[in-house]
1. Considering only the other residues whose Cβ falls under 10 Å of the Cβ of A:Val304, what net charge follows from Lys and Arg at +1 and Asp and Glu at -1?
2. How big a patch of accessible area, both sides summed and in Å² to the nearest 100, lies buried between A and B at a 1.4 Å probe?
3. Between B:Asp323 and B:Ala112, with labels modelled 7 Å along Cα→Cβ, what's the label distance in nm to one decimal, could you check?
4. Using θ = phi - 60° and the Karplus form 6.51 cos²θ - 1.76 cosθ + 1.60, what ³J(HN,Hα) does each residue of the range A:12-22 get, whole Hz, x for Gly and Pro?
5. Mean-square fluctuation check for chain B, GNM, Cα pairs under 10 Å: which of B:Tyr62, B:Tyr45, B:Tyr281 is largest?
6. Taking Cα pairs under 8 Å and at least six residues apart, what relative contact order does chain A come out at, in percent?
7. Using the heavy atoms of the protein chains alone and a 1.4 angstrom probe, what is the accessible area of the range B:168-284 per residue in square angstrom?
8. Averaged over peptide B:75-84, how many Cβ atoms belonging to another chain are found within 10 Å of each residue's Cβ?
There are 2 protein chains.
Amino acid sequence: MSQSPNRQWRLARRPVGMVSETDFEYREEPLPQIGDGQALVRNLYVSFDPAMRGWMEDRKSYIPPVGIGEVMRAGCVAQVLESKAPGLAPGDFVQGLFGWQEYAVAGPGLGAATKIPPGTPLTWPLGVLGITGLTAYFGLLDLGKPKPGETVLVSGAAGATGSVVAQIAKRVIGCRVVGIAGGREKCAWLTGELGFDAAINYKDADWRDQLRRACPGGIDIDFENVGGEIMNTVMAEMNLHGRVVLCGLISEYNASKRMLGPYDTILMKRLTVSGFIILDYAPRFTEAVMQLGQWMMQGKLRHVDTIVEGLDAAPEALNMLFDGENRGKLLIKVS
Amino acid sequence: MSQSPNRQWRLARRPVGMVSETDFEYREEPLPQIGDGQALVRNLYVSFDPAMRGWMEDRKSYIPPVGIGEVMRAGCVAQVLESKAPGLAPGDFVQGLFGWQEYAVAGPGLGAATKIPPGTPLTWPLGVLGITGLTAYFGLLDLGKPKPGETVLVSGAAGATGSVVAQIAKRVIGCRVVGIAGGREKCAWLTGELGFDAAINYKDADWRDQLRRACPGGIDIDFENVGGEIMNTVMAEMNLHGRVVLCGLISEYNASKRMLGPYDTILMKRLTVSGFIILDYAPRFTEAVMQLGQWMMQGKLRHVDTIVEGLDAAPEALNMLFDGENRGKLLIKVS
């Protein structure tokens, strides 16, 4: 077995803004010893993902932050060198959260190893068949609910998730797919090699006009990776009953003072926010009136109203609603 | 037939902020003549609803704005005086958008009349059995998807919609129901007569603390009628996978300069915004990986990556994601 040291990056402090090398400590440690149920693996590929920036923040989130002094967390593909774990043999290829280091101990918990089926190209489990591809798959299909012919807008379109979202939307579902990315060359690559119907370079001064021209029928699904000004512009072009899959807000991850705005809360808590106007339910009004009437008869519901006399008071009555002067339904009795 | 004039309020100009009488023109007109298919009705009750303030704005919305010079639109309960319409006879009680006037011509279009079943108390079709009750019914049940024991927060809780939402949530579904309203007396009425588990007076200086104490297990459903600072505070207390039914933003309807913020767009366009973190889908990863792999084999999906050599570059690689320097998945090849 190799006696080379284990080179690794440990988180040295909480970064502010973009990370710098001084936010990490570069260390060379002796190779770790493994115990029962563990395996020593050697990293081949380390995955980089915008979410990793969030893992460095000391705040409540969907997984615990990386602790100061800990090896920086990252998904990896590795090869087993030595094993005391059932089912893992030297030579096996595995994936797991082995972190920014050359060697790691795979074991229970966050460092658990999953075997990669023989024959799989070694980078796929970190891309299309990994968290990135899964994110595209469930986000687009389960939450976006795309239908053939709908327009799907993907921000961060050249990224790992965006590029898979676009391909599924285009080639599997049959949507019109428009991407937003930074740079002309990148946009040409999106429309050329990846088959996007249009790609908007947000560095162009007129990118908002380009977006509107590229989506003449509006946008049905926004697969949102970026947030901020790009998201605001896209939102304005959404069609009625559109779906926004809030997957990432990468424009905000490096803000030195994080604006914990509404979208951040919606994302982190996986909330569903539904705009609602009752007229959309008109075909089901009869069903509801019958049920409501029944609840009234059963005493589960009370009709509550505030009645003002005389049509003269109409303008005043309207303002009462905003001053909160009514209880229940506000009515004018005309005569 | 009565020869009294038809007293009415017509919209005279677009109001700014709260309405005043001078935004309307008070007119006395001769009684309208009816044609074939029409009926003359006399208004008994006129409904007032916060959404009416929005109908006065000259902007694209879910129904056309009230035109300058037109009778102000409103839902009404009326009695038929004279009829040349099939199915309507003098004496019938009807409801329809007859507006701020004593007499109206019921006919096709926005002024269509719907007969009220005999025996129905005349105010119910404008309240629990009307748009208000329907809004509570579909908004809470279809979008909020309440389960017994969940905590439902209702803002504008003493209003027509809020008070029905709370009753359905509490007495039909069996939720814990917390309301936000303005005024101590009103809050006492909510917990007393309407059976809310707790009611928060947002005029109290410590209302945010009261809210947190009233929702020790967080909030599962926010039935949002108010928006602004109240909504922001509620959002911070939402539980994972909570649902926000965005039904109204009454705190903003009278703003002299409307902030067309994200929630306004979500409401008006009935968007669904879903926060999304892939770990929630872990139980279905295998299904997705198999499907993704199949699409790869069929050539529908391409794996795209950008590979950087050497672990030394790790901090730099992370920043590449935010500079947009990668195409597809960004990986470091360790050795």
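The values are calculated or read from the model by the stated rules, or taken from the named source; none is laboratory data. What you see is a predicted model; the values in this text were computed from it and never measured. We place every Cβ from the backbone using ideal geometry, glycine too, and count neighbours over all the protein chains shown. Accessible surface is based on the protein model in full, side chains and every heavy atom, while ligands, DNA and RNA are left aside. Shrake-Rupley method; radii C 1.70, N 1.55, O 1.52, S 1.80 Å.
1. Computed value for this residue: +1.
2. Accessible area lost upon association: around 12400 Å².
3. Going by the 7 Å Cα→Cβ label model, 6.2 nm.
4. 9, 6, 6, x, 10, x, 4, 6, 10, 4, 6
5. B:Tyr281
6. 11 percent.
7. Result: 39 Å² per residue.
8. Mean shielding count: 1.
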